[in-house]
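Report on one structure; see the data block that follows.
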Amino acid sequence: MRLQHLLLRLPGYLGALGPPRRLWRSRSLNSISPVGSWRGQSSRSPAHWNQVVSEAEKIVGYPTSFMSLRCLLSDELSNIAMQVRKLVGTQHPLLTTARGLVHESRHNLQLRGLVVLLISKAAGPSRVNASQNYDTVSGIYSCQRSLAEITELIHTALLVHRGIVNLNELQSSDGPLKDMQFGNKIAILSGDFLLANACNGLALLQNTKVVELLASALMDLVQGVYHENSASAKENYITDDIGISTWKEQTFLSHGALLAKSCQAAMELAKHDAEVQDMAFQYGKHMAMSHKINSDLQPFIKEKTSDCATFHLNSAPVVLHQEFLGRDLWIKQIKEAQEKGRLDYAKLRETIKAGKGVTSAIDLCRYHGNKALEALESFPPSEARSALENIVFAVTRFS
């Protein structure tokens, strides 16, 4: 059975499993400066994320819902997909990743590739390429489309690898050890396969600067995840000082570097100058930061949230709450939220919502949204630029 058929059947197989939780600690550095006024929502901004993505895909003439499907439909990964079915009924995180590939629309896994295509079209051809006849579809070079697919392959590979379970921390409630061991093997093999295909596609672009940019982005991703994993192994991570400046540095490495450098690489492929490349980088960076903060805010702003739902203790609202509160009071709140040695996330969430962390995180999300919009001002007005603006509006909208 081909992977396309398996993907269509996966929603019926997969349960609503929560994502694996990763934690990291940081030092208290600078506080956030007051954020300026938000530009507000454009009258053209669609009301829902799905509509934003749908309209953007029409502009680039390339549906990104299964952008890397050409790679995924290979015989090698089709065989892996068959093995993934054996994990159905277990609690291995690889199932959550597979489920997200099918119908996680709010945090669309293909967002990065779509942004690369949009910013490629928004910038258009450079003066160097304008007089030459290159292979373009909907105003986008074929090499830029290949770059968008490579970006998605790298991101998806990282998601798969992040789902590898630490077997030393397994509890009886996690299920049989053999299921987790088997799931880890599949996660390693499939993630490595995606990375190998990404590296092969990158080499075919025959641009050393683009290779350097994407290689450094991959290094940033590994470094960011390493910090998260190394801190999560420490028993006293909850009581460590955490500062928003260090949080932003780590978040850029693990969530922003790939999009920022892919946008810059797209400009390099079209032979745009350094100024245009920098503006594309800035848009990708601030867009990714805004998107991450929006994701962190969801457990605190959703109208219906399960009382037992957990959240990341390194998420933006929590980090800001700790910074405003101070170390001693934060430790006191942690102790008050613990019952029989376990943290009561519902109680801690209400405590955080009563503080300044959530509203400050919303301000920070809009701050990065404004920075992304400022970077777009250097691009000429177009449908593609409007779509990039609408993506920013969608991730900074909280009402």
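Any read-out appearing in this document is the output of simple, stated calculations on the displayed coordinates, not a laboratory observation. From a predicted model like this one, the values you see are computed outputs, not experimental measurements. Every residue, glycine among them, receives a Cβ derived from its backbone with ideal geometry; neighbour counts consider all protein chains shown.
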At 37 °C and a viscosity of 0.692 mPa s, what translational diffusion coefficient does Stokes-Einstein give for the stretch 261-399, taking Rh as the Kirkwood radius over Cα pairs? Give it in µm²/s as a whole number. 195 µm²/s
Towards the positive end of the charge dipole of the stretch 246-399, with charges on Cβ (+1 Lys, Arg; -1 Asp, Glu), say which of GLN322, MET287, LEU373 has the farthest Cα. GLN322
What does the charge add up to near GLY355, with Lys and Arg as +1, Asp and Glu as -1, over the other residues with Cβ less than 12 Å from its Cβ? +1
Centre separation in Å (Cα based) which lies between the stretch 197-228 and the stretch 345-399: 27 Å
When the scattering of the stretch 262-323 is computed by the Debye formula from its Cα atoms alone, each counted once and equally, what is log10 I(q)/I(0) at q = 0.18, 0.23, 0.26 Å⁻¹? -0.70, -0.88, -1.02
Dipole magnitude (debye, nearest 20) for the stretch 309-365, charges at Cβ of Lys, Arg, Asp, Glu: 160 debye
Given unit charges at Cβ for Lys, Arg (+) and Asp, Glu (-), the dipole magnitude of the stretch 283-399 about its Cα centre in debye, nearest 20, is 300 debye
